[in-house]
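Read the structure below first, then the notes.
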Amino acid sequence: MRHVRGFSLMEVLAALALLTIVLLGVYSGISTATRIVRSRSTAIERMDEIRSAQTYLRGELAQALVIPFGQNDDGDPLVFAGDDRSFRFVAPMPGYLSRLGPQLHTVSLVDDGQAGLRLEVVLAMLPPDGGEPQPVGEPEVLLRGIRKGAFAYRGLDDQGKPGDWQEQWTDNRRTPSLVRVQLETEGNVAFPALVAPLRIDASASRNGFTLYRSTRKAVQR
């Protein structure tokens, strides 16, 4: 009779060790692939959020109307107000929302309570009697996860030449030529600096002032 030889204990242990190494390699590869896919999905979602915020800001600023939403201490109408943390302007809403008429947009960088900032917009209706704008609903968040950011404005000087960038827009009787939004966001997706032009229409400015002043006088009477 032939002598049948089995596996020794050392051979079994060596086979188990080799199988363990192979399984660990397979698991590590699957885990790495999962993390890569998840990271890419997160990056794509973040890119979509940033793109949506920039599209909204660029589109609404391009449609900015020179319609007063208030007045300063001297009685001059306010058509644009801005500093390094917020700015206000009047523009129509996109799509079917434009049926409500032009609305006051207040875009702000707000503390989110988690050592960061969020970019949000508040919409307000302009009463026909020239009263205070009335907010429409709750603030809409455009972007979260912002470490720091600032707004800046650029207009034309008295000679019609482009001026320097300013952290505060002081001539509230007219709109700036450009609005710059610079944000430093969390994660690996950067927020490209946004420089959005505003539509300038001198005739609209004069008409807006006349309409505003006429309405205020009528209300005061």
* Structure fact -> Listed by chain and number, the residues whose amide H is under 5 Å from that of Ala81, excluding neighbours fewer than 5 places away on the same chain and using placed H, are Arg88
* Starting with the fewest neighbours, write out Leu194, Leu104 ranked by other beta-carbon atoms found within 10 Å of each beta-carbon. => Leu194, Leu104
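Here, each number is a calculation from the coordinates, and none is a lab measurement. Just so it is clear, the model here is predicted, and its values are computed rather than measured. Every residue, glycine as well, gets a Cβ built from its backbone with ideal geometry; the counts of neighbours run over all protein chains shown.
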